[in-house]
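What follows is a single structure, written as structure tokens, with notes after it.
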Amino acid sequence: MKIAISCHPSHGGSGVVATELAMALADRGHEVHVICHTRPFRLVDRPRLHFHKVNITAYPLFKYPPHDLCLANKMAEVAAAEKLDIIHAHYAVPHTVSAILAREMLCVCEHPVKVVTTLHGTDITLVGSHDDFRRVCRWSMLKCHGLTGVSDWLAERTVQAFDLPDPPQVIANFVDCDRFHPNGRAGYPDGQPFRLLHASNFRPVKRVFDIIRVFERVRREIDAELVMIGDGPERGLAQELAAELGVCRYTQFIGNQAEMSQAYRDSHLYLLLSEYESFGLSALEAMACGTPVLGTSSGGLREVIVNEVGGMLRPVGDIEALSRAALDILKDADNWQCQSRQARDFARATFCMTKIVPQYEAFYRQVMEREEHEVHTQHSGPRGTTE
Ligand code: GMT
């Protein structure tokens, strides 16, 4: 198939999933066109994978350059030139609207490209359902030939938040087990400190202060260090909290990293203590590398981590329970070894790329067989009324 993929190219789960999917599809023989304003950081050249840069035209009249129009224009250009079968938007805002515009521009008779969107999480829970985006987000989702979501939890939230007639099809996120594996990983420490790891965009939903608080409790009982990867609005405050709690000497904030697999392998526990995650891709990557995960029992993380099988789930914000769980696994060598093995086995058995990518291929085939009239063409409001 000939498939275009658009995503947010910066560090973040949706861009990572879109990039990994693009590379996997190209490796499986499809022609793949990645269309973004910046080259996604994980994109590695290979045969059949093409990157198209979207130029965002600046003009003194524009206070805000119209990215979404430039993207639509580029999508239409590539779709016509390459005779694309599918444009696959990752993260609904704004990629879905641009893809729908591109499709409308080409007209069904000129080149009937199909549009699908994968919903990732905050595009539904925070951004898309915000008053400033809700109508356009709902309209563009209804205009798609196919919608997928990365967990059952997200699919349910989408139907509730947008009153959609049908739920998105759930296709879980995946991990490339050839790159994310435990070979060469750190064993149970023999006199050295334990290493705890967190990686995120440091937004409020990640609750990074809880990470620091749990780490401080852990350090009261065992020698440990904390590595914080990523960048975002609450990074500075998290650094201040680490200083206030007296653990800043043992905490490193190292910014965004393109290569994550060795960081997972060098760690003994991965922490993801978010308010919610629609999925929690970093937790899956850590598990595939044999690193047990401590997560919160909310949202889609409950579909990625099975409690006591390579990871532990505890209530959001319960610092006492979270710290206890971290210490229980770290202080017991046999338990840690067992959880490390189970983490790897569960990630491989359930979410390996080789199992999930064929689900996208089947979904594309299904969408290509769909007739135009099967798409919701009416701008209808809740339960079919006109908004
Ligand atoms: O975690 C973020 O805030 C970034 C966001 C993104 O779009 O990059 O992540 C979302 O998509 C990831 C990939 O599908 C999921 O693994 C994350 O759980 C999801 N984040 C949230 O739901 C908060």
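When you go through (1) of a type outside the set (Gly, Ala, Ser); (2) touching a strand residue (DSSP E or B) at 6+ places or on another chain (Cβ under 6 Å); (3) at pLDDT below 95 one by one for Pro60, which number turns out not to apply?
(2)
Does at least one position in segment 221-241 carry a residue that is within 16 Å of the ligand (Cβ to nearest atom) and of a type in the set (Val, Ile, Thr)?
Yes, some residue in segment 221-241 is within 16 Å of the ligand (Cβ to nearest atom) and of a type in the set (Val, Ile, Thr).
I'd like the residue in segment 1-16 that is more than 20 Å from Asp231 (Cβ to Cβ) and not β-branched (Val, Ile, Thr) and, out of all such residues, is farthest from the ligand (Cβ to nearest atom).
Lys2
Looking only at segment 298-315, count every residue that is more than 18 Å from the chain's Cα centre (by Cα) and either in a strand (DSSP E or B) or at pLDDT 95 or above (or both) and tell me the total.
Total satisfying the criteria: 8.
Please verify whether Val175 is aliphatic (A, V, I, L, M) and either surrounded by fewer than 23 Cβ atoms within 10 Å (Cβ to Cβ) or more than 29 Å from Val78 (Cβ to Cβ) (or both), treating the condition exactly as stated.
no
Given (1) in a loop (DSSP other than H, G, I, E, B); (2) under 22 Å from Val113 (Cβ atoms); (3) within 16 Å of the ligand (Cβ to nearest atom), identify the lone condition not met by Thr19.
For Thr19, the failing item is (1).
Got at least one residue in segment 5-21 being more than 27 Å from Tyr276 (Cβ to Cβ), surrounded by 18 or more Cβ atoms within 10 Å (Cβ to Cβ) and within 22 Å of the chain's Cα centre (by Cα)?
no
Quick grid of which residues meet (1) surrounded by 16 or more Cβ atoms within 10 Å (Cβ to Cβ); (2) outside the structural domain of Thr19 (by TED's automatic domain parsing); (3) not in a loop (DSSP other than H, G, I, E, B):
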position	(1), (2), (3)
Val34	yes, no, yes
Pro40	yes, no, no
Arg46	no, no, no
Met75	yes, no, yes
Leu84	yes, no, no
Ala89	yes, no, yes
Pro94	yes, no, yes
Ile100	yes, no, yes
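Of the residues that make up segment 306-318, is at least one touching a residue at least 60 places away in the same chain (Cβ under 8 Å) and in contact with a helix residue (DSSP H, G or I) (Cβ under 6 Å, 6 or more places away or on another chain)?
No, there is no match, as no residue in segment 306-318 is touching a residue at least 60 places away in the same chain (Cβ under 8 Å) and in contact with a helix residue (DSSP H, G or I) (Cβ under 6 Å, 6 or more places away or on another chain).
Considering each residue of segment 68-108, count those that are out of contact with any strand residue (DSSP E or B) (no Cβ under 9 Å at 6 or more places or on another chain) and without any contact (Cβ under 8 Å) to a residue 40 or more places away in the chain, and give that number.
The qualifying residues number 14.
Give Leu301, Leu330 a once-over and let me know the one that is more than 13 Å from the ligand (Cβ to nearest atom), in the same structural domain as Ser200 (by TED's automatic domain parsing) and not β-branched (Val, Ile, Thr).
Selected residue: Leu330, the only one of Leu301, Leu330 that is more than 13 Å from the ligand (Cβ to nearest atom), in the same structural domain as Ser200 (by TED's automatic domain parsing) and not β-branched (Val, Ile, Thr).
Here is a check on your reading of the model: is His52 away from the ligand (no atom under 16 Å from the Cβ) and either within 27 Å of Gly300 (Cα to Cα) or more than 20 Å from the chain's Cα centre (by Cα) (or both)?
For His52, the condition - away from the ligand (no atom under 16 Å from the Cβ) and either within 27 Å of Gly300 (Cα to Cα) or more than 20 Å from the chain's Cα centre (by Cα) (or both) - is met.
When both residues are 6+ apart or on different chains and their Cβ atoms are under 7 Å apart, which pairs have a first residue that lies in segment 163-187 and is closer than 22 Å to Ala283 by Cα and free of Cβ contacts under 8 Å to residues at least 60 places away in the same chain, and a second that is away from the ligand (no atom under 16 Å from the Cβ) and not in a loop (DSSP other than H, G, I, E, B)?
none
The values are calculated or read from the model by the stated rules, or taken from the named source; none is laboratory data. For clarity, every value in this text was computed on a predicted model and none was experimentally measured. Because the Cβ atoms are built from the backbone with ideal geometry, glycine has one as well, and the counts that use them run over all protein chains shown.
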